[in-house]
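Q: Got a structure for you, written out below as structure tokens; questions coming shortly.
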Amino acid sequence: MNADDDSDAELVRGLAAGDKRALAVLLRRHSPSVTRYAWALVASQSDVEEVVQDTFVTCWRKADGIVLPDSSVLPWLLTTCRYLALNLNRARVRHATDELPDDVPVSDHDVDARDRLRWVMGEIDKLSALDRRVCELCLIDGRSYADAAIETGISVGAVRQRVSRSRARLRKAAIDNEN
């Protein structure tokens, strides 16, 4: 059977087994869609190329943890592309603001956003050490539940439950803080 005829699920299993041919087929099949999506998220051709390449490298590295809810890996690729583009854009903004001269005024909106971020990070700091680590991995770093489970030594279900509980706690704290 020709690898081009394999389903995405079969190709992802092939990636997990180290099959480079499976990666080539996924690239041929999905890189045009991922590239179009990346153009909507980042500003330059070099950024698009970087995000698309990083998306497929991440797919290669994390293939053994990818769970497909349907027959296509494209939603996973687009979600990964989005997160990578957001991270790249944040890094670009952070780098650009690091280079601003000291006399550039900071708006009240920027100060408000920083205060809210500090408040959220403060709430995360109040969590238990394990819950805090799971939040950092899944909510801040954007890692999968499977990756967080491996890194923390707990089950994927426990990671999912801790993330859900932590989100609920942060949401409640946010509502209480607004009142």
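Values in this text are rule-based calculations from the coordinates and carry no lab data. This is a predicted model, so every value here is computed, not measured. Positions of Cβ are backbone-derived with ideal geometry, glycine not excepted, and every protein chain shown enters the neighbour counts.
Q: What is the sum of charges, Lys and Arg at +1 and Asp and Glu at -1, for the other residues whose Cβ falls under 11 Å from the Cβ of residue 141?
A: -1
Q: Can you pull the one-decimal nm distance between simple spin-label points at residue 68 and residue 90, each 7 Å off the Cα toward Cβ?
A: 2.9
Q: Sticking with this one: What is the range 1-104 by shape, rounded, prolate or oblate, if you read a ≥ b ≥ c off the alpha carbon gyration tensor as root eigenvalues and call it rounded for a/c under 1.5, prolate for a/b larger than b/c, and oblate otherwise?
A: prolate
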